[in-house]
Each structure stands twice: as structure tokens, then as C-alpha cells.
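Inspection log for the structure reproduced underneath, given as C-alpha cells.
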Amino acid sequence: MTKILITGVTGFIGSNLFDLLKLNGYDVFGISNSQSKDSISKISLLNKSKLNSYIKKNNFDIIIHLAAIIDENDPLKILQNNYFSTMNLLQSCVENNIHNFIFASSHAVYGKTNYLPIDEDHPTFPQSSYGITKLMEENLCRFFKNYFNLNITILRISSVFGEYQKKTKLIPNLILNAYDKKQIVLHQYENGFQIMDMIHVDDVCNSILCSLKNMKNSGIYNIASGNPITVKDIAHYTQKITDSKILIKKMVGKTNHFTYETSKAKKFLKFNSKIKFEKKFQSLFDTTIQNH
Amino acid sequence: MMKLIIFDFDDTITDNRNLDFESFRISCNFFNIKNPLSLKKLVDLRKKSFTAQKILKSIKISTENTFSTKNFLKYRNDFLLSDQSNLYLQIKKDTKLILKTLEKKKIPIFLCTVRNDKQLVRNFLKKNNIEFYFTDIYCSSDLIEKIDNNDSDNRILIKSSLLKKIIKKNKFKHNEILYIGNSFEDRIASSIHKIFFLKLNNDYLPQENYNYQYSTTNMKNLNKIIKKLIEKDD
């Protein structure tokens, strides 16, 4: 049985992925910096010796690295934490002869959009500290792949949505505001409403499963729905259910539109995003309200 | 050297000044307003980068009725998007000369425009008997994203996305592709893909302070430049 380690296992994607991989017959372990239970251990990725002895003891076949911090209020913390976590993990892979590594990167590595849909060859000029660290980590992965011959798949994941997401995220925040009979405030920039690509967490987990099954096709892949959506569309779905009023706030400045080319993941990972936003919205709305 | 030529549409192979003028005149008629614009005045304003909204502000339309700029602009835009607009859109003199040159050399010609309505573009090409010269036409409606083409940054994004599609489909090297357009937006879109750009300067639109590798003001001269660029390969 393939033995897998997931970092960031208690996070939004990690917790869903843990269940999916177990269902698919993998021997799944996780590490988290927040809690330990069953096959999940509380270990900081910055604690190199503890991390290394844990990995050595368990003899994993594959590591899926999801852990990252996103706190934009402390950009230096993001840089240090994310970079050194990945460095420690990759070093541990080399020291313990683990050849297969899946890294959850982000669409934030692209930065300003030059053309749509954005493919994997699009230039990378990240604007946020989170995007910068993800690109730094991707470069670390490239180095370990070339120098130590590791088999590394990098997944550039688009904006994720799904049930039980943090309330501060765009969609739960919008739903809860509308439910509380508040207005839905939409930001309209000088170049219109932002065009985005939102992928459901189940699709993201499925893309990681597809990557596991196709480790021989390691490389860089966009993981996105391939369907453009605007905040205005999301607000209209919400309005249909809640009858809330939409207030359009004109913003000074321009926004960055983003949608992604997904044909490479379709071809080499056999991954196809299946969940349509509009079909999932009602259940997303219900669970968000129930957990309010 | 050049194996693929891409043309922009509005104000590149077309002369839009009459259409622009008529759009204001017809809209004024509809709203029972005396048109204070002359063609000369309109050209002067356009040279100063005035948008339609800014033009309306500057000409201070006097009317006893309450005047809605928003309604006026919507009516004008609807007219510009209608088939009727083709009556006033003119093909630039000697455009056919270039198309024939390219046809003789079997160079594929593409059209790339931020317009949404491909049929309108086709109708214009048909009306001027030049449709068959073009291998394909790419409009903003070819993108799955609906991007508002009234914004300059969005127009760059649309053009750049369409150019990407053309480049991907035709497997030429980037230095074998020439894009011919009339605006800085066209220049930026081509620079994104590192393809050659030729600026067709237009006395109707604002002049840009930029040192272009290739530029000209008329189709006859453009034909000479294109011949040279193609013959470099022979």
C-alpha cells in the first residue's frame, strides 16, 4: 500500500484530501502545526530534526506538501515560514530516499495577467508576498528535481471554494452578509468587475489524486475550473436565494482578471474539473448558513 | 523573414472618421439635438485623445429637454454595433494592394479586433470584396471571458489573448510574425508575445511619442515595407 504524508492536513484542502486518499486505499498520514490525532502528528515543518526523524521513522513513498501560511499582515513571516518549511521537507526527502513530491503552489505566482487564459508558460511576476514565496518554493523544487533527481509535480491552484471554508473568504463572507439582510457590496473597478476562476475543493483534491496516479508525468500544472466567473455573477446567485440588494461601489484603479488554461492537466494528469459553480451554489449556501 | 501577418481592424484597415462623425450626428438627431460638431472639430478632439464621453462634455450640448449622457452614449454605441454602421465605415485606400502582395507570396493574413460582432466585420470585408484574403478573423467573442472592451487595459488584454490564440494555432516562430496596428495598445499586446509590430500612424488619432522600429502613415508605403520584410526571406 502506498504510504503518503500530507503536510497542512488540517487545512481546508488537507482535511478533504485526507479523506479522499483514505477512500482510495492509500495509507495516509498527516502533519499539522495545530493538532495531533490518529495518524495526524503535530510537528512544525521548521523543526528540521523532529521532522526528519518522523519522516525517517515512517518510510513514506510520497509527500504532498500543502502547508503554508497566508497571513498578509506579516509578509516576512510568510517568506520565512513557507520557504524554510519547503526546504526542510525537500532535504528530508533526499536524506530518506523519498523520490516523489507533490507541491501545492498557487496561481498567485503569475501576478499581472498578460493574456487569457493563462497557461503554464505565462510569465511569473507575483505581486503578493504569498505569491512570491510560492514562486521561491517552486524554484526550490526545480533545484531539488534537477540536482537530486526528485520526481516533483507542481500544482498551481486557482481560487478555491467549498463547504466549511473560513468565513473571511470571499464566498462565505458574501453569503453571510446577504443572509443577514445586509447589502451585497460589489467592487466595480475602472476595467469592470474582476473576472476570476474558482475551483471547488473536491476538484482540487481530485487533481492531487490524479497527480498521484500519474507521477511519471511530473511537471507544472494549472489546476483550475477553466470557467470564468465574476463577483457580479456570484452576487446574482446569492441574490436569487436571499433577495438582497446589490450595491455597486465604483473603485479607483484597475483589477487583474484571471482565468486559466487547463489542457495540460487534462492531457498529462487526466484531470478534468467537474464541479460547476452554479450547480454547487445552493448547497454551498445552505452549509454556510447552517454553520453560521 | 515574415511568414504571418496580422492586421488590426478599426483605424488600421478601416477609416473610422466618417463613422465616428455619423454616430454623433445620428444620435443628436434621435435626441432632437442640434449637432454642434463638425468633422474637423471631431478630428481635433480625437487627436487630443478625447473619448466620446469627454467629447460630449466639451461640446456643451444645449437643449431644453433634460439631457442624459448615459442614454446618448448607449444609443451611439448601439449604432456603432449595428450593421448600419458598415455604411459609414470605409476601407483605407490601397489596402487591397497589400492584400494582393501577401496573397502572391502565400502569406497567411489574420484579422484581430476587440470588436465582439464577427459577422459585422465579415460583412464589411464582404462589402469591400476582401474577405477571401483573410485566413481567419479573431474577435473578442472568440474568448470565453467576456471582457469589457471600453477600457484601454482590457483592450490590451483582449488583443494579447487573441494574438496568443493565433500564435498557438499557427506554429511560426515569434520573429516570423508581424502585427500591424494603430495604437499603443496594439504595440503592448505584440510586445507581450515578442512579435514584430508595425505602427500605422493615423492623422485622425493622437500621435504617440515612441520610437517604432517600423511605422508608416499610408498603405502604399506600408506595402513597400511589407514587400521588403517578406523578401528578406527569399
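What follows is calculated from the coordinates using simple rules that are stated; it is not laboratory data. Fair warning: this is a prediction, and the values are worked out from it, not measured in the lab. A quick note on method: Cβ atoms are made from the backbone with ideal geometry, for glycine too, and the neighbour counts reach across all protein chains shown.
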Semi-axes of segment B:133-189 from the Cα gyration tensor (sqrt of 5 times each eigenvalue, largest first, whole Å) come to 19, 14, 10
What ratio of Cα Rg to 2.2 N^0.38 Å holds for segment A:1-46? 1.06
Could you line up B:Tyr133, B:Tyr138 from fewest to most neighbouring Cβ atoms inside 10 Å? B:Tyr133, B:Tyr138
When a footprinting reagent is the concern and you count Cβ atoms within 10 Å, what order do B:Asp44, B:Asp151 take, fewest first? B:Asp44, B:Asp151
From phi via Karplus (6.51, -1.76, 1.60), per-residue ³J(HN,Hα) for segment A:113-126 in Hz, x at Gly/Pro: 6, 8, 7, 10, x, 6, 9, 5, 8, 4, x, 10, 9, x
If r is the Cβ-Cβ distance from A:Lys57 to A:Tyr164 and R0 is 30 Å, what FRET efficiency results, to the nearest 0.05? 0.40
Could you grab the relative contact order for segment A:35-191? Cα pairs under 8 Å, six or more apart, rounded to a whole percent. 21
Space enclosed by the convex hull of the alpha-carbon atoms of the protein assembly as shown, per residue, Å³: 181
3J(HN,Hα) from dihedral phi, segment B:189-206, Karplus parametrisation 6.51/-1.76/1.60, rounded to Hz, x for glycine, proline: 4, 6, 5, 4, 9, 6, 9, 5, 10, 10, 8, 9, 5, 10, 6, 8, 10, x
Pairing the Cα long axis of helix A:12-23 with the longest principal axis of chain A, what angle in degrees results, from 0 to 90 and rounded to the nearest 10? 60
So how strong a dipole does chain B carry about its Cα centre when Lys and Arg Cβ are +1 and Asp and Glu Cβ are -1, to the nearest 20 debye? 420
Search the structure for amide H atoms under 5 Å from the amide H of B:Phe197, placed 1.01 Å from N in the peptide plane, and list their residues when 5 or more places away or on another chain. B:Tyr179
How long are the three semi-axes of the equivalent ellipsoid of chain A, in whole Å, if each is the root of 5 times an eigenvalue of the C-alpha gyration tensor, listed from largest down? 33, 21, 18
Suppose each label sits 7 Å from its Cα in the direction of the beta carbon; what would the A:Gln183-A:Asn97 distance come out to in nanometres? 6.6
Kirkwood Rh and Cα Rg combined as Rg over Rh, evaluated for segment A:73-226: 1.01
Peptide B:142-155: average number of partner chain Cβ atoms within 10 Å per residue? 5
Got a sec to turn the phi values of segment B:208-213 into Karplus ³J(HN,Hα) couplings, 6.51 cos²θ - 1.76 cosθ + 1.60 with θ = phi - 60°, whole Hz, x for Gly and Pro? 10, 8, 8, 8, 7, 5
Against the empirical 2.2 N^0.38 Å scaling, what ratio does the C-alpha Rg of segment A:228-292 come to? 1.49
Run the paramagnetic zone check for B:Asp142: 7 angstrom along Cα to Cβ, then residues of segment B:4-37 with backbone nitrogen under 12 Å. B:6-9
In square nanometres, what is the average projected area of the Cα convex hull of segment A:1-86? 5.6
Report, in deg cm²/dmol and to the nearest 500, the calculated mean residue ellipticity at 222 nm for chain B, where each DSSP H run with n ≥ 4 adds -39500 (n - 2.57) and the sum is divided by the residue count. -13500 deg cm²/dmol
Which values, in whole Å and largest first, are the semi-axes of the equivalent ellipsoid of chain B obtained as the square root of 5 times each eigenvalue of the Cα gyration tensor? 33, 18, 17
Rounded, prolate or oblate (a/c below 1.5 giving rounded, otherwise prolate when a/b exceeds b/c) for segment B:1-116 by Cα gyration tensor: prolate
Rounded, prolate or oblate: which fits segment A:1-144, taking a ≥ b ≥ c as square roots of the Cα gyration tensor eigenvalues, rounded meaning a/c under 1.5, else prolate when a/b beats b/c? prolate
Ranked by Cβ crowding within 10 angstrom, fewest neighbours first, how are A:Lys167, A:Lys145 ordered? A:Lys167, A:Lys145
When a/c reaches 1.5 or more, the comparison of a/b and b/c decides; with that in mind, is segment B:119-230 rounded, prolate or oblate per its Cα gyration tensor? rounded
Alpha carbon centre of segment B:3-53 versus segment A:66-88: separation in Å? 53
Alpha carbon centre of segment A:199-224 versus segment A:247-292: separation in Å? 17
On a C-alpha basis, how far is the centre of segment A:1-48 from the centre of segment B:140-164 in Å? Whole number, if you could? 42
Here Rg/Rh (Cα, Kirkwood) for segment B:36-103 equals 1.12
Per DSSP helix of 4 or more residues, -39500 (n - 2.57); summed, then divided by the residues of chain A. What does that give at 222 nm, rounded to the nearest 500? -13000 deg cm²/dmol
